[in-house]
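The values are calculated or read from the model by the stated rules, or taken from the named source; none is laboratory data. Bear in mind that the values here come from a model prediction, so they are computed numbers and not experimental data. As a convention, Cβ positions derive from the backbone with ideal geometry for all residues, glycine included, and neighbour counts pool all protein chains shown. Accessible surface is based on the protein model in full, side chains and every heavy atom, while ligands, DNA and RNA are left aside. Shrake-Rupley method; radii C 1.70, N 1.55, O 1.52, S 1.80 Å.
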Amino acid sequence: MERESYRELFSLFGRTAIVTGACGIIGQRLCHGLADFGANVAVVDLDHAKCDALAAELSHKTNGEAAGFACDVSDPGAVSELVAAVERRLGRIQVLANNAATKSRDLVRFLKPAEDYELSMWREVSSVNLDGAFLVAQAVGRHMISHGQGGSIIQTSSIYGVVAPDDRIYEGSNYQGHPISTPPVYAASKAGLIGLTRYLAARWAKSGIRVNTLVPGGVESGQNDVFIARYSARVPMARMAKAEDMVGALIFLASDASAYMTGQTIAVDGGLTAW
């Protein structure tokens with residue numbers, strides 16, 4: 001039967017969505033987008049006070065339900081409790097924006113080149129970027145299967161999970177006063193998310209669970225003018241991304257507008273990977 005209106009395909013009204021890494025630059029925009037389209041939003045990050053503040057902002061802006069939850073996604077017990085707590089507070093979970101990632105608190109060690117990279121830092125970053133993403137997807141997927149009504153999981157990767165960084169754009173560049181680079185663990189963990197997405201998409205399709213990957217291009221977030229100019233010169237649209245550029249793709253993947261899509265990798269990169 002032909003639809004009378006396609007607008008409703010994008011509605012998330014009444015659905016419960018978890019956003020991990022919710023207080024980060026991209027995470028905040030994802031929370032606002034989901035709330036604007038009607039979702040009840042579980043705001044998840046390490047700092048409970050910041051989560052509560054963002055949840056209060058969402059509730060005031062949209063009159064929908066939002067609640068803050070502190071969780072270390074690398075801790076299996078904390079992740080299991082998170083899913084149970086979200087269900088108690090906001091009801092059955094239908095959407096997961098699996099967005100948490102870390103640069104660690106030690107930017108000097110985090111940004112070391114591959115030939116000098118420390119295994120301890122590799123494991124610290126991987127424990128969040130890849131292990132944590134798996135733990136949250138596993139717990140939410142188990143929850144969705146138990147309810148038998150499917151759902152949508154969107155995992156945030158990175159342009160450097162798809163292509164290698166171009167070292168030429170980093171010469172003379174810095175981020176928060178530190179020379180910029182893309183560490184090998186960042187690229188490897190973000191590439192791993194794409195493989196995990198495809199695996200879970202195939203595994204859980206029979207349960208009505210769709211799993212897709214959102215791939216942001218470089219987001220402007222405190223880099224110096226040299227980096228912004230050089231990165232932008234590598235992009236057909238001639239600019240870096242803004243955090244809000246990710247919202248449209250997220251809503252599409254979270255909603256029924258993408259009902260026949262799973263296991264896919266959607267790059268929101270200004271055309272960088274077209275060259």
Residues of region 50-68 classified as open to solvent by 40 Å² or more (accessible area, probe 1.4 Å) and within 22 Å of residue 221 (Cβ to Cβ), total: 3
Run down 35, 56, 78 and say which single residue is closer than 20 Å to residue 126 by Cα, free of Cβ contacts under 8 Å to residues at least 40 places away in the same chain and not polar (S, T, N, Q). 78
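Given the criterion over 27 Å from residue 122 (Cβ atoms), open to solvent by 50 Å² or more (accessible area, probe 1.4 Å), in contact with a Gly (Cβ under 8 Å, 6 or more places away or on another chain) and of a type in the set (A, V, I, L, M, F, W, C), identify the matching residue among 247, 226, 235.
On the way: 247 fails: open to solvent by 50 Å² or more (accessible area, probe 1.4 Å); 235 fails: open to solvent by 50 Å² or more (accessible area, probe 1.4 Å).
Being over 27 Å from residue 122 (Cβ atoms), open to solvent by 50 Å² or more (accessible area, probe 1.4 Å), in contact with a Gly (Cβ under 8 Å, 6 or more places away or on another chain) and of a type in the set (A, V, I, L, M, F, W, C) holds for just one of 247, 226, 235, which is 226.
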Looking only at region 140-169, how many residues end up being open to solvent by 10 Å² or more (accessible area, probe 1.4 Å), in a helix (DSSP H, G or I) and more than 19 Å from residue 271 (Cα to Cα)? 5
Of the conditions (1) farther than 21 Å from residue 124 by Cα; (2) without any contact (Cβ under 8 Å) to a residue 60 or more places away in the chain; (3) open to solvent by less than 40 Å² (accessible area, probe 1.4 Å); (4) not aliphatic (A, V, I, L, M), residue 89 fails just one. Which one is it? (3)
The one condition in (1) open to solvent by 20 Å² or more (accessible area, probe 1.4 Å); (2) touching a residue at least 24 places away in the same chain (Cβ under 8 Å) that residue 22 fails to fulfil: (1)
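Looking at region 166-180, is at least one residue closer than 25 Å to residue 104 by Cβ and either modelled with pLDDT of 95 or more or β-branched (Val, Ile, Thr) (or both)? Before the answer, list the steps.
Of region 166-180, the ones closer than 25 Å to residue 104 by Cβ are 166-167, 169-180.
From what's left, either modelled with pLDDT of 95 or more or β-branched (Val, Ile, Thr) (or both): 169, 180.
Looking through region 166-180, at least one residue is closer than 25 Å to residue 104 by Cβ and either modelled with pLDDT of 95 or more or β-branched (Val, Ile, Thr) (or both).
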